[in-house]
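The values are calculated or read from the model by the stated rules, or taken from the named source; none is laboratory data. Remember, predicted model here, so these are calculated numbers, not experimental data. Note: ideal-geometry Cβ built from the backbone for every residue, glycine included; neighbour counts use all protein chains shown.
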Amino acid sequence: MRIGLYADEAGLVWVRGLVDQAVSTRRLHRSRSLRTLEVDIARFLQGGRLATAEMYDLLAEQWAIEHEGEDSGAREPVELRVRLVCSLRTWRAIRKEILRTLCPEGMAPHLCRVPWCTA
C-alpha cells in the first residue's frame, strides 16, 4: 500500500498510528495470519531517481490553497509504504479503514489534517 502525504513529523506520527490501529483491529477480529512486514516513509521513488516532492507536489498545492496565508512549516511530500502479508480481502479492509480515518468528513468539502492521495 502506498499513500502520498504532505506532512510534518507530527502528521507522520499521527498517520503511522492510524495504520497501526487499522492493522491491530483487523488482526484482533479476523485475520490472525496478518503480518506487517514494513512501514516506511520514502522521500525518493524509483530507486532514487524521482523525489516524492515531484510526484506529490499537488499535495503541497492543496495545502497552500486550503490554508491560504499559513506557513506550511516542516511539511513535505512523502510516500508512506505499508507492506503486509494478508489476504486481498483483509488488505482492502485495512486500506479502506486507513483512508476513512485520514479524512473522516466524507465527500463534502473540508480540510484534511494531512493532505493525501493514493492510486
Q. Considering only segment 44-58, how many residues are assigned to a loop (DSSP other than H, G, I, E, B) and modelled with pLDDT of 90 or more?
A. 1
Q. With (1) at pLDDT below 90; (2) in contact with a Lys or Arg (Cβ under 9 Å, 6 or more places away or on another chain) as the list, and residue 100 as the residue in question, which single condition is left unmet?
A. (2)
Q: Give segment 73-88 a look and list any residue that's out of contact with any strand residue (DSSP E or B) (no Cβ under 8 Å at 6 or more places or on another chain), surrounded by 10 or more Cβ atoms within 10 Å (Cβ to Cβ) and modelled with pLDDT under 90, or say none.
A: 87
Q. If we keep just the residues of segment 24-39 that are modelled with pLDDT of 70 or more and surrounded by fewer than 10 Cβ atoms within 10 Å (Cβ to Cβ), which is nearest to the chain's Cα centre (by Cα)?
A. 38
